[in-house]
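First the structure, in the form of structure tokens, and then the observations on it.
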Amino acid sequence: MTDTQYFLVRRVHSLLGVIPLGVFLFAHMTTNSMALFGQEAFDHKVALIHSLGPLLPFVEAAVIFIPLVLHIIIGIVIAHTGVSNTSDLGYGRNWAYTLQRWTGWIALAFLLYHTITLRFLDVAGGRANFFPYMSYLFRYDSLWMFWIFAYLAGGLAVIYHFANGLCTFCMTWGITVGPKSQRVMAGIAAVVGLGLVAMLVSSIVGFYVNAPIEAANWQSGIMLTGPN
Amino acid sequence: MTSPNGNGHSAPEHVLLRIKRQKAPGEPPYWESFRVPYEPGMNVISALMKIRLNPVTAEGRATTPVTWDSGCLEEVCGACSMRINGIPRQSCTALVDKLEQPIVLEPFSKFPVLRDLMVDRTPMFDALKRIKAWVPLDGTYALGPGDKMAPELQQIRYKYSECMTCGCCLEACPQYNNRSSFIGASAIGQAYLFNEHPTGRNLKGDRLDVMMGPGGVVDCGNAQNCVRVCPKHIPLTDAIAAIGGQVTVHAIKKMLRF
Ligand code: SF4
Ligand code: SF4
Ligand code: FES
């Protein structure tokens, strides 16, 4: 690999994390948080996305799927080149570095399960009826506590990975050069991250509190036969 | 085991050290403990000197004296660097009074051990050659005086010129290890130092080529341990970000000129 190619691979990884993946994360969390305002508000948002119709798979591939897979593959290679040493050097940014790798792995496991169940399995039967499905998982399933925990853990991992990634993005590209600008950026990233956490939590509350009646007697069929 | 010293405070009679030793390159490491007589104001090197005077372990077994490296004894050469209680630093300025005991001494883990606490720091000097950390002046005729440098720039560059190639920043760096070819923070700092020099700038392109390739600045993981452990307080992470920016511009230029 030439120097330029190597540079490009590393910078593509860095850039994809913010654009489009970070932007998509915002859009996705906005949609989810609509659950707080009830099923109608949420379904309205989902319908908006689905209104892309036949274009949807292409947009998904270009904005989400391909960038995500590239980010993951390069990320795994990068993670392999590091040996974390927080036990001797427990400095804040060293923890941030180590957590960036851990949350990367957690996010990977979470997103694999998430996309397979809620994106690819629903392809087979048409459109998923997400709201009652999530309400069922978070409220009526015998494992409801586990589902909430998994959703929260996965969501927090993704959000941390994104927020810390914003800071390192600015360092990597030479945007924040001194310690002061890096501290300001850390503050901005914290606000962004907390905003996303608020959206994450409101989606859990929404799916739980606004559970529709059919969620209680949910069976595997409902998920695949959503409203038109 | 305490006795009064000159300040009226009680001082310990002995200093306890635990040292990771190794007979030769490639040999398995082993640990030995030593108890040496305390002296006010002593540092790790003077404790090691006491072991050399009387190479007997804490258990009373005769052993070989512990080998270490040192030069200036005033924290400007970097030769005496080692891990002291887990932290990479210079043993000549590590005061025993300020260290928790037993004082654990280990050689740097990221460099080949020659013997005991002495390591081979050649990779660092090779890195300086790779990035051409010098001002190119060789020629067949006198070039005359160089360009003037603004005092502000002198101030910034001065910090980086203090680097003593001690290796603490590399020892602390999670990205500097045998799984990666990362060049490490000190070389990035030096690339910045010479890129900002009015004449050293002539080799900027060569340096940035190294910095954008495998092992270059792009392999930094922004853990920022380097800047925390650097005994000279060199703003390494400023250089990393600045070189990151320079590399971006350099790469775009390269891609447009093919
Ligand atoms: S910022 Fe971290 S990864 Fe980069 S050189 Fe410093 S210690 Fe290493
Ligand atoms: S940058 Fe600091 S820690 Fe690194 S080699 Fe130079 S003086 Fe040592
Ligand atoms: S002997 Fe030179 S830095 Fe310690």
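The values are calculated or read from the model by the stated rules, or taken from the named source; none is laboratory data. No experiment lies behind these values; they were computed from the predicted model shown. Don't worry about glycine lacking a Cβ; one is built from the backbone with ideal geometry, like all the others, and counts go over all protein chains shown. The area values use the complete protein model at the heavy-atom level, side chains included, leaving out ligands, DNA and RNA. Shrake-Rupley method; radii C 1.70, N 1.55, O 1.52, S 1.80 Å.
Details
- Region B:19-87: trypsin sites (Lys or Arg not before Pro) in DSSP loop, at most 13 other beta carbons within 10 Å: B:ARG61
- Only the Cβ atoms of Lys and Arg (+1) and of Asp and Glu (-1) were treated as charged; on that basis the dipole of region B:122-257 about its Cα centre amounts to roughly 220 debye.
- Label-point separation in nm, A:HIS28 to A:LEU111, each point 7 Å along Cα→Cβ: 0.7 nm
- FRET efficiency estimate (nearest 0.05) - Cβ-Cβ, B:SER181 to A:LEU55, R0 41 angstrom: 0.40
- Scanning chain A for DSSP H helices at least 24 Å long along the axis (C-alpha atoms) with a Kyte-Doolittle mean no lower than 0.5 picks out A:144-172, A:179-209.
- Each stretch of four or more DSSP H residues adds -39500 (n - 2.57); spread over every residue of chain B, this sum gives -9500 deg cm²/dmol at 222 nm.
- Among the listed pairs B:LYS110/B:LYS232; B:LYS132/B:LYS254; B:LYS129/B:LYS232; A:LYS180/B:LYS148; B:LYS20/B:LYS129; A:LYS180/B:LYS159, those beyond 25 Å (Cα-Cα): A:LYS180/B:LYS148; B:LYS20/B:LYS129
- Our summary gives region B:51-206 a relative contact order of 21 percent, counting only alpha carbon pairs under 8 angstrom and 6 or more residues apart.
- Kyte-Doolittle at least 0.0, axis length at least 18 Å by Cα - qualifying DSSP helices, chain B: B:236-256
- DSSP-defined beta bridges in chain B - what % are antiparallel, rounded to 5: 90 percent
- Within the accessible area of chain B (1.4 Å probe), percent carbon and sulfur: 54 percent
- Across peptide B:241-249, the mean count of Cβ atoms from other chains lying within 10 Å of each residue's own Cβ comes to 5.
- Accessible area per residue in Å² at 1.4 Å probe, computed on region B:174-223: 26 Å²
- Cβ charges +1 (Lys, Arg) and -1 (Asp, Glu), total dipole of region B:134-181, debye: 100 debye
- A simple charge model with +1 on the Cβ of Lys and Arg, -1 on the Cβ of Asp and Glu and nothing else charged puts the dipole of the protein assembly as shown at about 660 debye relative to its Cα centre.
- Accessible surface buried upon B-A contact (total; probe 1.4 Å; Å², nearest 100): 2900 Å²
- Comparing A:LEU36, A:THR4, A:HIS50 along the charge dipole axis of chain A, the residue lying farthest to the positive side is A:THR4, per the Cβ-charge model.
- With a Förster radius of 60 Å applied to the C-beta separation of A:VAL63 and B:LEU16, the computed FRET efficiency comes to 0.45.
- For region A:93-168: rounded, prolate or oblate by the Cα gyration tensor [a/c cutoff 1.5]: prolate
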